[in-house]
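Structure first, commentary second.
The values are calculated or read from the model by the stated rules, or taken from the named source; none is laboratory data. Since the structure is predicted, the reported quantities are computational estimates derived from the model, not experimental observations. So basically every Cβ, Gly included, is an ideal-geometry build from the backbone, and we count neighbours across all protein chains shown. With ligands, DNA and RNA removed, areas are computed over all heavy atoms of the protein, side chains included. Shrake-Rupley method; radii C 1.70, N 1.55, O 1.52, S 1.80 Å.
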Amino acid sequence: MDYDLTRLGPRDFEHLTQALAVKILGTGVSVFGDGRDGGREATFRGQTSFPAPDPDGPWDGYGVLQAKFRTRPLGTSVDTKWFLKEVAQELGTWGDPNSSRAKDGPLPDYMILATNVVLSSVAGSGGIDRVDKAIKELVAKHRLPLKGWKVWHFDQIRTFLDLNPEIRQTYDALITPADVLADLRRRAEARETLKANVRFSPGPGRGVVTGNVSRDIANRLRLHHSLHSVPFGRSLIDGDSGWFVTVQRARYDSMPLVISKLMEARWLRGFTTADDCVGVEDRIVSEISGFQRILVLRVAEASAVITYRLYEIPVDLLVDGIQAANGGTFKKTGFGFCGDFSQGNSGRLFDLRLEISVEKIGVKLALECGIDHGTWTVELP
């Protein structure tokens, strides 16, 4: 089936490619949030199940995914020229030893280039073969260590969407009439036999999860998990305009609260030593002080049980800690700089990560410092 990928826009197209990467390559994929991405929408490490079957697969190493969205496709030939130019620019940046992505991070062994444009399949002269030939030449020209690459063009993405309707149906622009009818039928069946059991346990936090909110989320989870065993794909917390809400997959119970991207930080470009970090606390505090609440919905999977636990990272705790930063707070790391914020003898409260290659600020907070607003426990049918 054909899909109008241009209706997604660049942001949702990036999110779509990330979701497909997680589905196709596995849960080892690390997804990056909005903002300057350092040549990456996502990365993966280690052995994958992709590509298969393929004489060069499966891949085993460090790889990146990069999305290239064309707002107004004009036709196969023109779009192919545009994509070739984008590919040349991307690989040229990776091959430039003075670029931040080449200096601050490892060069990839594998690369996926995703685009919404159509590439002709005509042997030899078509867009698919032209792009593949161009990549080979650019890899040799820039002496890149790429062992393999794949281009996810329109027709390839269309096939992925056909095979993975649960991803397609997340985006309104891609929902088909058949999806609507099938969803109505499934919902009618689910209402008759809602097999998933959902239990809400309130936490000590206040002001976020009211009675109506807890019941609404429980009903949505009950309906979703009566049909699907995979976790709910979007945040369940709508919140106010001043709320920052993100979702975290928890691999173990005591795992810290992690926000990979709390804010963009393009001003990190050019930072080389810890001395460059002097004064960054004012920039960061100015940004996060605008949040009324910072919420993390933690999703954990166990045998036949999925839990959704809502934590709040106190804005005041972050602001007070960051304002107390001094010249020795931030240390040089492989990704940029990391600030250790502790309080007396109570140990580490949180780490602030200044990631240069992707120009963003992340935070990792000790779990006991978060405010627990409650847990929805889903027993799968």
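Does region 194-201 contain any residue that is within 15 Å of Glu379 (Cβ to Cβ) and modelled with pLDDT under 75?
Taking region 194-201 and keeping what is within 15 Å of Glu379 (Cβ to Cβ), we get 194-201.
Checking which are modelled with pLDDT under 75 leaves us with 194.
Yes, region 194-201 has at least one match.
Thr307 versus (1) under 22 Å from Arg269 (Cα atoms); (2) surrounded by 15 or more Cβ atoms within 10 Å (Cβ to Cβ); (3) among the polar types (S, T, N, Q): which is the lone unmet condition?
Going through the list (1) under 22 Å from Arg269 (Cα atoms); (2) surrounded by 15 or more Cβ atoms within 10 Å (Cβ to Cβ); (3) among the polar types (S, T, N, Q), Thr307 breaks only (1).
Yes or no: region 291-304 includes at least one residue that is in contact with a Cys (Cβ under 8 Å, 6 or more places away or on another chain), among the aliphatic types (A, V, I, L, M), closer than 30 Å to Thr377 by Cα and part of a strand (DSSP E or B).
no
Pairs please, first residue from region 259-283 and at positive phi, second anywhere and surrounded by 19 or more Cβ atoms within 10 Å (Cβ to Cβ), Cβ atoms under 9 Å, 6+ apart in sequence or on different chains.
The qualifying pairs are Gly270/Ser100; Gly270/Ile356.
Within the group Val208, Val230, which residue is open to solvent by 60 Å² or more (accessible area, probe 1.4 Å) and touching a residue at least 40 places away in the same chain (Cβ under 8 Å)? Give the derivation first.
On the way: Val208 fails: open to solvent by 60 Å² or more (accessible area, probe 1.4 Å).
After applying the criteria, what remains is Val230.
With the structure loaded, tell me whether Ala302 is among the hydrophobic types (A, V, I, L, M, F, W, C) and open to solvent by 10 Å² or more (accessible area, probe 1.4 Å) or whether it fails that test.
It is true that Ala302 is among the hydrophobic types (A, V, I, L, M, F, W, C) and open to solvent by 10 Å² or more (accessible area, probe 1.4 Å).
Using the structure shown, decide if Leu310 is in contact (Cβ under 8 Å) with a residue 12 or more places away in the chain, of a type in the set (A, V, I, L, M, F, W, C) and in contact with a Leu (Cβ under 6 Å, 6 or more places away or on another chain).
Details: in contact (Cβ under 8 Å) with a residue 12 or more places away in the chain: yes; of a type in the set (A, V, I, L, M, F, W, C): yes; in contact with a Leu (Cβ under 6 Å, 6 or more places away or on another chain): yes.
Answer is yes for this residue.
Tell me, yes or no, whether region 320-334 has at least one residue that is in a loop (DSSP other than H, G, I, E, B), β-branched (Val, Ile, Thr), at pLDDT below 90 and in contact with an Asp or Glu (Cβ under 6 Å, 6 or more places away or on another chain).
No.
Mind telling me which of the residues Glu355, Glu368, Glu312 ends up being open to solvent by less than 60 Å² (accessible area, probe 1.4 Å) and either under 30 Å from Asp216 (Cα atoms) or of a type in the set (S, T, N, Q) (or both)?
Among Glu355, Glu368, Glu312, only Glu312 is open to solvent by less than 60 Å² (accessible area, probe 1.4 Å) and either under 30 Å from Asp216 (Cα atoms) or of a type in the set (S, T, N, Q) (or both).
Would you mind stating whether Phe271 is open to solvent by 40 Å² or more (accessible area, probe 1.4 Å) and in a loop (DSSP other than H, G, I, E, B)? Spell out the reasoning first.
Numbers: open to solvent by 40 Å² or more (accessible area, probe 1.4 Å): no; in a loop (DSSP other than H, G, I, E, B): yes.
Taking the combined requirement at face value, the residue does not satisfy it.
Six or more apart or on different chains, Cβ atoms under 6 Å: show the pairs whose first residue is in region 55-74 and in contact (Cβ under 8 Å) with a residue 24 or more places away in the chain and whose second is surrounded by fewer than 16 Cβ atoms within 10 Å (Cβ to Cβ) and part of a loop (DSSP other than H, G, I, E, B).
Tyr62/Arg45; Tyr62/Pro106
Suppose we filter Ala265, Ala250 for residues that are at pLDDT below 85, crowded, with 18+ Cβ neighbours inside 10 Å and within 30 Å of Lys331 (Cα to Cα); which single one remains?
Values: Ala250 fails: at pLDDT below 85.
Step by step, each of Ala265, Ala250 is checked, and only Ala265 is at pLDDT below 85, crowded, with 18+ Cβ neighbours inside 10 Å and within 30 Å of Lys331 (Cα to Cα).
Looking only at region 315-337, filter to residues that are open to solvent by 30 Å² or more (accessible area, probe 1.4 Å) and of a type in the set (A, V, I, L, M, F, W, C); which one of those is farthest from Leu262 (Cα to Cα)?
Ala324
Just to be sure before I move on: is Thr377 touching a residue at least 60 places away in the same chain (Cβ under 8 Å), open to solvent by 30 Å² or more (accessible area, probe 1.4 Å), among the polar types (S, T, N, Q) and under 20 Å from Ser254 (Cβ atoms) in the structure I sent?
Details: touching a residue at least 60 places away in the same chain (Cβ under 8 Å): yes; open to solvent by 30 Å² or more (accessible area, probe 1.4 Å): no; among the polar types (S, T, N, Q): yes; under 20 Å from Ser254 (Cβ atoms): yes.
When the stated conditions are applied, Thr377 does not pass them.
Tell me, which residue of region 63-77 that is modelled with pLDDT of 90 or more and out of contact with any helix residue (DSSP H, G or I) (no Cβ under 7 Å at 6 or more places or on another chain) is nearest to His15 (Cα to Cα)?
First, pick out the residues of region 63-77 that are modelled with pLDDT of 90 or more: 63-70.
From what is left, the residues that are out of contact with any helix residue (DSSP H, G or I) (no Cβ under 7 Å at 6 or more places or on another chain) are 63-64.
Numbers: Gly63: 17, Val64: 14 Å.
By that ranking, first place goes to Val64.
Filter region 353-381 down to the residues that are hydrophobic (A, V, I, L, M, F, W, C) and either assigned to a loop (DSSP other than H, G, I, E, B) or farther than 27 Å from Leu236 by Cβ (or both), then identify the one that is modelled with the lowest pLDDT. Don't jump to the end; show me each part of the working.
Within region 353-381, the first condition is being hydrophobic (A, V, I, L, M, F, W, C), and the residues that meet it are 354, 356, 358, 361, 363, 365-367, 369, 371, 376, 378, 380.
Filter once more, so that each one left must be either assigned to a loop (DSSP other than H, G, I, E, B) or farther than 27 Å from Leu236 by Cβ (or both): 354, 356, 358, 366, 380.
On the way: Leu354: 91, Ile356: 84, Val358: 76, Ala366: 91, Leu380: 88.
Restricting to residues being hydrophobic (A, V, I, L, M, F, W, C) and either assigned to a loop (DSSP other than H, G, I, E, B) or farther than 27 Å from Leu236 by Cβ (or both), the top hit is Val358.
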